Amino acid sequence: AIKTESAKTEAMPAKEGMMEEKPDPINTDPVIPGDQETFSEAEVNILKRLSERRQELDKRGRDMDQREALLKITEQRIDKKLGDLKTMQEQLRQTISTLSAEQKAKTDSLVKIYEIMKPKDAAHIFDALDMPVLLSVIANMKESRVAPILAAMDPQKAKQVTSALIDKKSLPTPP
């Protein structure tokens, strides 16, 4: 019987010691040394200012995120428009190239016609032609064919054509 009582007394202090080591599950807040859950007015003001500053920074962050999203959308729109413009530019180049080829073919055809004509007959037609058309045709003709036609043309018109040809072929002056 003595052994059982000593076993009980030995077991009890062990249980009590274990209970003392466990923290209180109800009060788990850390205890601030010196102040027991009370803050001075200065500390409260600092905490309020920090809270306001945090809210202000959060608002700025949200605003920046919105601006960034808007910038990305705008950038995408600009990229799309640039792509559209490049496509249109290429289409214009192709159209101009096609029209230039067609214009060159028409001019070459006219050149052949006027080179075959008698100089006097061609001169009468050249007197009536608009200057841009006339210059285009003459610029593509052989010089040996143009000379007799210019000689048969109205002297004033021949003078204008000659001046226009000189201006057209002159080099641009540097600025």
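The values are calculated or read from the model by the stated rules, or taken from the named source; none is laboratory data. Treat the numbers as computed from the prediction; the structure is a model and nothing was measured. In this analysis, Cβ positions are derived from the backbone assuming ideal geometry, glycine residues included, and neighbour counts consider all displayed protein chains. Remember, those area values only see protein heavy atoms, side chains included, never the ligands or the DNA or RNA. Shrake-Rupley method; radii C 1.70, N 1.55, O 1.52, S 1.80 Å.
How many residues, within region 35-58, are modelled with pLDDT of 50 or more and part of a loop (DSSP other than H, G, I, E, B)?
So the answer is 4.
Residue pairs, Cβ under 8 Å, 6 or more apart or interchain, first in region 131-142 and without any contact (Cβ under 8 Å) to a residue 60 or more places away in the chain, second in a loop (DSSP other than H, G, I, E, B). List them.
VAL137/LEU129
Could you tell me which of the residues LYS72, LYS120 is under 30 Å from ALA152 (Cβ atoms) and open to solvent by 100 Å² or more (accessible area, probe 1.4 Å)?
Going through LYS72, LYS120 in turn, the sole match is LYS120.
Which ones in region 137-158 are assigned to a loop (DSSP other than H, G, I, E, B) and either surrounded by 16 or more Cβ atoms within 10 Å (Cβ to Cβ) or among the hydroxyl-bearing types (Ser, Thr, Tyr) (or both)?
Passing the criteria: MET141, MET153.
LEU134: part of a helix (DSSP H, G or I), closer than 30 Å to THR162 by Cα and aliphatic (A, V, I, L, M), yes or no?
Answer is yes for this residue.
What are the residue pairs meeting all of these: first residue in region 154-166, first residue within 10 Å of MET131 (Cβ to Cβ), second residue at pLDDT 90 or above and of a type in the set (Asp, Glu), Cβ atoms under 7 Å, and 6 or more apart or on different chains?
LYS157/ASP127
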